[in-house]
Amino acid sequence: MDDYPLIENHGLIGDLQTAALVTTEGVVDWFCSPRFDSPSVFGALLDKEKGGHCTVRPAHQTHSTKQLYLPDTAILVTRFMTEAGAGEVVDFMPVTGTAATHRHRLVRLVRCVRGTMTFDVEIAPRFDYGLMKHQLHISPHGAVFAAKDGTELTVHPIREPEDERLADFVADGEADLRLSLTLEAGQQRGLILETGAEGPPREVRRDEHERLFEETAAFWRSWLAQSRYTGRWREAVERSAITLKLMTFAPSGAVVAAPTAALPEQLGGERNWDYRFTWIRDASFSVYALLGLGFTEEARAFIIWLGDRVKERAGSDGETGPLNIMYKVDGASDLTERILDHWEGYAGSAPVRIGNGAATQLQLDIYGEALDSIYFAHRHGFQVGHGGWTSLRTDLEWLADHWDQAEEGIWETRGGRQDFTYGRVMSWVAFDRAVRLAESKGWPSAAGRWRAERDAVYEQVMAKGWNEDRQAFVQHYGSEVLDSSLLRMATVGFLTPGDPMWSATLDAMEEELVSDSLVYRYNPGASPDGLRGSEGTFSLCTFMYVDALARAGRTNRARLVFEKMMGYANHLGLYSEEIDPTGRQLGNFPQAFTHLALIDSAITLNEALEKR
């Protein structure tokens, strides 16, 4: 573990088509190009020796570090302090347009702000997850790393032509670059790492760097100014909004679940999944968060993306339904899972999985989440066209024929199908929202059948999903296992927040799934999920718990849980998927679903406190 940075000791930068992680020690240890789900260029996060990295850090062994974002931006500053001097690295990626491109730039400005500081710089790319060798070409104006398939990483130095040359690139036996750079107070140099460069390496003058910096800062500040949130937790909510924007693929509007792959849910365990794709479920929740904050264009882009998936039915079949649970950011459905045997995994947590085998699972809840987000967007002025409505009717016909069957469920278990209560509840949501949508527009529909199926689902859940002995709704029919996904039962309107059955379920969850405010998904020991090992508490579920408490009128408890959860964010306000018993973050980082739930719960709790 000592050889790997803590997962939470990272910041995220990006250009709305891909992203990079930067450690508090100035190491870029994760960067894929040209898209989030492309092979890695730097991947030391998953193998310190074979993954590749770009490091800019003090040569002085004894130093302290601080890391922060410039206010209201995605520009990251990593500060280093020693007795002899203080310096900093300013990292950002200039925002790309809405057309997919292979050209992506990672800007790293290095400067000394006090005394003298020597920085050690090393650039060691490892293309295609470290599987592809490269050659290095050094020129007086920079360098190019060239892989066998034609992929290139170009290094442009940031300096004036007349500047004193403080260091020269030196190649080592691995065709990597190294240099030692000594700066005095006020001096600065830097690098621009560029994929898909349009020309040879060149010296980038300071005024060009300043222009890129100012344009990037202006973009983020202008974008964030659209936020309508004025509640108690504005800083956390707005940082979550920026983080979600960083995980949005601008050409399609799709939001990835996380920009990383194979970070473990348990150190040394096998729960290491690739999250660089778009889940129907997660992204559907984004509509609530985005519209709740006032980001209408982002919500519109996702609704269009979702509508295309509904119409295309790519990769679907009669068994798993017309929708897949996840897609690539461009809507492609081929997510074949494979293992990178040559990588050891984060802190030795193998296997390293690329792609996601859960893509072909049957998860019935996605139809409810999709219809709910479409209906919510409709109420906020978004229009569903004739083609989209026709496709939705076909999806509902399939659901009407198939909702009453076992499935894999929201948590993508690999231990066999069950009659999951949450899947049934969200099937109810799908029929309910379809009826409401049809009635509001006067569109042709099978509303009579949809009502009948909706009522049948409701009756079944109340009869089989409720466990009299536990005095709670349970994970699946015939079990006594609790499941935090059911925290959404009142949120979606299946139950009223004041229903005694709901209050009893909240009490049962508090007793079994809540550990000093942190919430587990379920108990895998009581409900085997087909995987070895255990896991930490799910940050998403903690925020869902806050939302459920606030809706149930338990505002004091909700606020305490929320404030405690704020303390588990990293130094930048970012969350991974899970929190382990020691308080460390685990799982892919940062996780979109967690930040979406943070926004939703902050809005709900703030409104509840205002009403009180």
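Against the main long axis of the alpha-carbon atoms of the chain, helix 280-293 sits at an angle near 80°.
Amide hydrogen proximity for Met132: with H placed 1.01 Å from N in the peptide plane, the residues at 5 or more positions away or on another chain lying under 5 Å are Phe127. Extension gain for Asp516-Arg449 works out to 19.6 nm (0.36 nm per residue, less the C-alpha to C-alpha distance).
A full extension of the chain between Met132 and Thr496 corresponds to an added length of 125.4 nm, given 0.36 nm per residue minus the alpha carbon distance.
Surface calculation, 1.4 Å probe, protein heavy atoms: Phe169 sits at approximately 40 Å² accessible. Compute the relative contact order of the chain as a whole-number percentage, counting only Cα pairs closer than 8 Å that sit 6 or more residues apart in sequence. Across the chain, relative contact order equals 13 percent.
Quick one: pull the percent of accessible area on region 256-341 belonging to carbon and sulfur, 1.4 Å probe, ligands and nucleic acids left out. Carbon-and-sulfur percentage of accessible area, whole number: 47.
Beyond 13 Å, what share of the Cα-Cα pairs of region 555-612 is found? Please give it as a whole percent. The answer is 63 percent, as a whole percent.
Estimated from helices alone, the mean residue ellipticity of the chain at 222 nm is -10000 deg cm²/dmol (sum of -39500 (n - 2.57) over DSSP H runs with n ≥ 4, per residue). Say R0 is 25 Å: what FRET efficiency, to the nearest 0.05, do Arg436 and Glu607 get from their beta-carbon distance? Efficiency, from the Cβ-Cβ distance: 0.65.
Taken along the Cα-to-beta-carbon direction at a fixed 7 Å, the label points for Ala59 and Gln405 span 6.7 nm. If only the Cβ of Lys and Arg carry +1 and only the Cβ of Asp and Glu carry -1, the dipole of region 148-278 around its Cα centre is close to 900 debye.
Residues whose amide H comes within less than 5 Å of that of Gln266, counting only those at least five positions distant or on another chain, are Arg271 (H built at 1.01 Å from N in the peptide plane). Can you give the Kirkwood hydrodynamic radius of region 338-474 from its Cα pairs, in Å with one decimal? For region 338-474, the Kirkwood estimate is 17.0 Å. Once the 1.4 Å probe is applied to the protein heavy atoms, the chain comes out at 36 Å² accessible per residue.
Legend: distances between Cα atoms for Lys48/Lys148; Lys148/Lys328; Lys245/Lys328; Lys245/Lys564; Lys464/Lys564; pairs beyond 27 Å are Lys464/Lys564.
So which aspartates and glutamates can Lys311 reach, going by Cα to Cα under 13 Å and dropping same-chain residues fewer than 8 places off? Output for Lys311: Asp395. Rolling a 1.4 angstrom probe over region 20-161 with all protein chains present gives an accessible area of which 51% lies on carbon and sulfur atoms. The alpha-carbon of Lys50 sits under 16 angstrom from the alpha-carbons of these lysines, leaving out residues fewer than 8 places away in its chain: Lys133. Carbon-plus-sulfur accessible fraction, region 496-612 (probe radius 1.4 Å, protein heavy atoms only): 49%.
Projected label points at Gln226 and Glu122, each 7 Å from Cα along the beta carbon direction, are separated by 4.2 nanometres. Against the chain, whose longest principal axis is taken from its Cα atoms, helix 296-312 shows a tilt of about 70°.
The values are calculated or read from the model by the stated rules, or taken from the named source; none is laboratory data. Not measured: the values here are computed from a predicted model. Don't worry about glycine lacking a Cβ; one is built from the backbone with ideal geometry, like all the others, and counts go over all protein chains shown. Side chains are part of the model used for accessible areas, which takes the heavy atoms of the whole protein and leaves out ligands, DNA and RNA. Shrake-Rupley method; radii C 1.70, N 1.55, O 1.52, S 1.80 Å.
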